[in-house]
Every structure is written in structure tokens, then in C-alpha cells.
Amino acid sequence: MNQDKYVFAQLVEFLNNNKFRRIVDKYDGNRYVKHFTCWNQLLAMMFGQLSNRESLRDLIVALEAHQAKCYHLGLGREPLAKTTLASANQNRDYRIFEDFAFFMMKEASDKRATHILDIEGKKYAFDSTTIPLCLATFPWAKFRSKKGGVKAHVLYDIEAQVPAFFTVTTASKHDSTAMSAIHYEPNAYYIFDRAYFKFKFCKWKRRLPKNILSDAEVKLSGYTSEKKYPESFRIIRFYDEEDDREFTFLTNAKHISALDVANLYKKRWLVELFFKWLKQHLKIKRFWGTTENAVRIQISVAIITYCLVAIIQHDLHLSRSTYEVLQILSISLTDKTPLQELFNKTNFNDVKEQLNPLFPGLFD
């Protein structure tokens with residue numbers, strides 16, 4: 001089926017073109033478009049991210065070098081000009097790509113659903129990462145008097161290891177402003193980092209398991225806090241032998257063990273690894289457009305690309321890490337090797353040696 005198809009064209013087959021077309025129609029995205037459609041735009045951006053292009057100009061140069069292949073890569077018959085892609089990123093509705101990112105997240109989550117902890121219910125970690133921007137170039141993203149930036153707020157499915165929800169705000173927005181947009185599921189666990197509060201102790205548990213320093217019931221103190229949430233919480237102090245650190249957890253999960261609470265929170269670090277991976281290996285540090293619309297499109301396409309790699313890992317039953325898959329793809333997009341054969345036969349050490357001189361700083 002994949003004979004004589006480029007690797008990038010084989011990747012595209014894992015995308016639901018019909019779903020994307022319906023989203024484009026919803027926002028009238030291809031109105032007055034003659035050649036460079038929203039689908040072409042999506043694939044061009046994905047090609048740039050997967051091939052580690054540093055800038056819009058860098059991407060255009062790469063596509064010009066492969067002009068004879070562009071139609072078969074899904075990028076259209078006409079040569080792509082820098083102004084064409086820049087204009088599309090600036091003017092086309094970012095919700096087209098954001099909605100498709102949500103579709104891809106749901107598909108990846110459904111396929112990769114598993115149980116890494118012996119606790120019933122979905123498990124999510126919520127956090128955000130700030131991406132600094134030059135205030136002179138991105139004046140709409142004012143953060144402080146002399147700084148600019150955007151913040152990506154992400155709800156991460158820690159068992160499927162893909163995002164379940166995301167939104168983008170200016171860096172000045174607090175996480176709590178994004179949390180209200182989450183659709184909370186019954187019988188699910190939501191793990192958040194750091195909170196500052198005052199409370200009063202009600203009662204303590206005895207006969208604690210190893211490494212649990214205390215397990216107590218508390219209530220928020222202060223008239224306003226207690227009025228807004230009169231129910232009690234559970235506060236757990238846990239000693240982590242591996243890192244020689246003490247942690248304090250506040251939770252309303254009273255039906256699971258204290259060690260289960262500690263293990264749930266430990267898995268929260270998966271969202272930190274996702275942010276690190278996304279910034280390091282998909283191009284969202286350097287944006288290919290200066291408008292808010294262009295920034296939102298690029299972040300959405302980065303998440304679409306991440307979910308695509310996750311789906312391919314699942315469907316092809318790959319034992320390689322997401323990192324390895326991405327690096328192998330980055331030097332193979334215009335090859336005609338079947339995907340399964342590509343991942344089975346490629347020596348990852350050879351890939352690293354080949355990438356290092358071509359893409360300085362990639363492994364920094």
C-alpha cells in the first residue's frame with residue numbers, strides 16, 4: 001500500500017482528511033482560495049516542524065529544494081512563496097487548527113488508553129508553560145513593562161500521555177483563568193501544582209504506611225474561604241526517599257490510600273516532560289508569524305504533530321520512544337521507505353550522528 005510513497009505522505013494517511021475538511025467548511029477557511037488550501041497549510045507547517053526548520057524562510061528553502069516532490073507530499077502543485085504561507089498564518093482562522101488539534105487529542109487518547117496506576121478513573125495533570133516573546137515584535141503579548149510572552153495551559157492525560165485540553169493566553173494570565181474552561185469528568189482525578197492556603201486541622205489518621213509522615217483531615221480557615229468551600233480536605237505529608245524530599249499534598253480524594261495520592265502526584269511530572277519535549281523538538285520557540293493568530297496556529301499544529309506521532313507509535317506497535325520516532329522522521333520525510341521498515345531497521349545512533357552537524361543545538 002505504501003510502495004513508492006514518500007515517508008511524509010505515509011504519515012499524512014494517519015490524519016483524518018474528511019474531519020479536517022468539515023472543520024474548514026465550518027469556518028469557511030477555503031473561501032476565495034485558488035491553490036494553497038488550509039490542508040496544504042497544515043501539511044506545510046507539519047513538514048517544517050518534523051524536519052526541524054528554524055524559520056519560515058528556512059522552511060520555504062527546504063520546500064524549494066524538494067519542489068518536484070511537493071505535490072506527492074500533499075503540498076500542492078504550485079511553488080509555495082514565503083508571503084503566501086505568512087499571509088495564511090496571519091489571516092486564516094486559528095480555530096480551524098485548534099479544533100483539529102482537539103480531534104487529534106481525542107483520537108490519540110482513545111487509542112492509547114491504558115492503566116498505569118491501580119486506580120479507577122481517568123487521570124489528568126494540569127499545568128502551563130510560558131513562551132517568552134520579543135515585546136517589540138509581539139506587542140499584543142505584553143507580559144511586563146519590557147517583556148512579552150504567551151502561556152500554553154495544558155490538561156495532560158497521564159495514562160495515554162497526550163494532551164486532553166489546551167488553551168493559549170498571554171503570559172500574564174493565571175492558570176485559574178484557564179481552569180474554568182475545562183470540562184470536568186465524573187470519577188476522574190485532576191492533579192495541580194502548588195497552592196497557597198490557610199487551614200485548620202480536624203483530625204489525624206494513625207498507623208501510617210512507610211514514608212507517609214502524616215494523613216489528616218483539614219478545613220479551610222477564613223470566613224470567605226470556608227463559606228465558598230465548607231467541605232473538608234485531606235492533607236498528606238510524604239517523604240520521597242529517592243530524592244530525599246518531603247512533599248505535602250492537599251486533596252479531596254478521601255477514598256484512596258495516601259500512597260495512591262503520592263503516586264498520582266508523582267505522575268504529574270509527565271506534563272513537565274511534555275512541555276520540555278514540545279519546546280525542544282517541535283518548533284514553538286521561534287514563531288513563523290508575529291500575530292496572535294499565527295502563534296495560535298503554530299502551537300495547534302505542534303500539538304497535532306505530537307498526537308500524530310503518538311498515534312503512529314500505537315498503530316504500528318513501535319517499541320521506540322517518541323523522541324526516537326521524531327528524530328528518525330526528521331531525516332526521512334522524503335524517503336520512500338515503508339514506515340514499519342523505516343523504524344525497524346534504522347540505527348538510532350546513526351541518526352544522532354547524522355543530525356548533530358546538520359542541526360546544531362538540537363540535543364542541547
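The values are calculated or read from the model by the stated rules, or taken from the named source; none is laboratory data. As the structure is a prediction and not an experimental result, all values here were calculated from the model. Glycine also receives a Cβ, built like all others from the backbone with ideal geometry; neighbour counts cover every protein chain displayed. Areas reflect the complete protein model, heavy atoms only, side chains present, ligands, DNA and RNA absent. Shrake-Rupley method; radii C 1.70, N 1.55, O 1.52, S 1.80 Å.
With angles folded into 0 to 90 degrees, how steeply does helix 292-315 sit against the dominant principal axis of the chain? Use alpha carbons for both and round to 10.
The answer is roughly 90 degrees.
So what are the ³J(HN,Hα) numbers for the stretch 16-22, from phi and the Karplus equation (6.51, -1.76, 1.60; θ = phi - 60°), rounded to whole Hz, Gly and Pro as x?
So the Karplus estimates, Gly and Pro as x, are 8, 4, 5, 5, 4, 4, 5 Hz.
With charges set only on the Cβ (+1 for Lys and Arg, -1 for Asp and Glu), what does the dipole of the stretch 93-146 come to about its Cα centre, in debye to the nearest 20?
The dipole magnitude comes to about 360 debye.
What residues qualify as long-range amide H neighbours of ASP335, i.e. H under 5 Å apart, gap of 5 or more or another chain, H built at 1.01 Å from N?
VAL7, PHE8
Please report the antiparallel percentage of DSSP beta bridges with both residues in the chain, rounded to the nearest 5. Please list the in-between numbers first.
Numbers: 38 of 42 bridges.
Taking every DSSP beta bridge within the chain, about 90 percent pair in antiparallel fashion.
Compare ILE191, ILE256, ILE212 in a GNM of the chain, Cα atoms joined below 10 Å, and give the one with the largest fluctuation.
ILE256
Long-range amide H contacts for LEU213: which residues qualify at under 5 Å (H placed 1.01 Å from N, peptide plane, sequence gap of 5 or more or a different chain)?
Amide H neighbours of LEU213: ARG237, PHE238, TYR239.
Suppose each label sits 7 Å from its Cα in the direction of the beta carbon; what would the GLU185-HIS35 distance come out to in nanometres?
It is 4.5 nm.
Once both labels are modelled 7 Å past Cα along the beta-carbon direction, what's the THR224-ASN252 spacing in nm?
Here the modelled spin labels are 2.0 nm apart.
Which one, ASN17, CYS38, ALA171, projects farthest toward the positive side of the charge dipole computed for the chain from Cβ point charges (K/R +1, D/E -1)?
Comparing the listed Cα positions along the dipole, ALA171 ranks first.
Please list 3J(HN,Hα) in residue order for the stretch 178-186, calculated via the Karplus relation 6.51 cos²θ - 1.76 cosθ + 1.60 where θ = phi - 60°; whole Hz, with x for glycine and proline.
The phi angles translate into 8, 4, 5, 7, 6, 8, 7, 8, x Hz.
Using Cα atoms only, what is the angle between the long axis of helix 38-50 and the major principal axis of the chain, expressed in degrees (0 to 90) to the nearest 10?
Orientation of helix 38-50: about 70 degrees from the principal axis.
With +1 on the Cβ of every Lys and Arg and -1 on the Cβ of every Asp and Glu, and nothing else charged, how large is the dipole of the chain about its Cα centre, in debye rounded to the nearest 20? Working shown, then result.
Numbers: 53 positive and 41 negative charges, 260 e Å.
I would put it at about 1240 debye.
For ILE191, what residues show an amide H to amide H distance below 5 Å, using hydrogens built from the backbone and excluding near sequence neighbours?
TYR124, ALA125, PHE126
Rounded to the nearest 20 debye, what is the charge dipole size of the stretch 39-151 about its Cα centre when +1 sits on each Lys and Arg Cβ and -1 on each Asp and Glu Cβ?
460 debye
Could you tell me the relative contact order of the stretch 113-249? Use alpha-carbon pairs under 8 Å, at least six residues apart, and round to a whole percent.
Details: 235 pairs, mean separation 23.9, N = 137.
After rounding, I find 17 percent.
Among LEU75, LEU85, TYR27, pick out the residue whose Cα is farthest towards the positive end of the charge dipole of the stretch 25-92, where Lys and Arg carry +1 and Asp and Glu carry -1 on C-beta, about the Cα centre.
The residue sitting farthest along the positive end of the dipole is TYR27.
Which angle between 0 and 90 degrees, to the nearest 10, do you get for helix 56-65 versus the longest principal axis of the chain when only C-alpha atoms count?
Between helix and principal axis, roughly 40 degrees.
Order GLU54, GLU64, most accessible first, counting only protein heavy atoms with a 1.4 angstrom probe.
Highest to lowest solvent-accessible surface, that is GLU64, GLU54.
From the helices alone, meaning DSSP H stretches of at least four residues, give me the mean residue ellipticity at 222 nm for the chain, per-run term -39500 (n - 2.57), in deg cm²/dmol to the nearest 500.
Value at 222 nm, helices only, nearest 500: -12500 deg cm²/dmol.
From the phi of every residue in the stretch 158-172, what ³J(HN,Hα) in whole Hz does the Karplus formula 6.51 cos²θ - 1.76 cosθ + 1.60 yield, where θ is phi - 60° and glycine or proline is x?
6, 8, 6, 6, 9, x, 10, 7, 8, 8, 10, 9, 5, 5, 6
Can you give the accessible area of TRP140 in Å² (nearest 10), computed on protein heavy atoms with a 1.4 Å probe?
Counting only protein heavy atoms, the figure is 80 Å².
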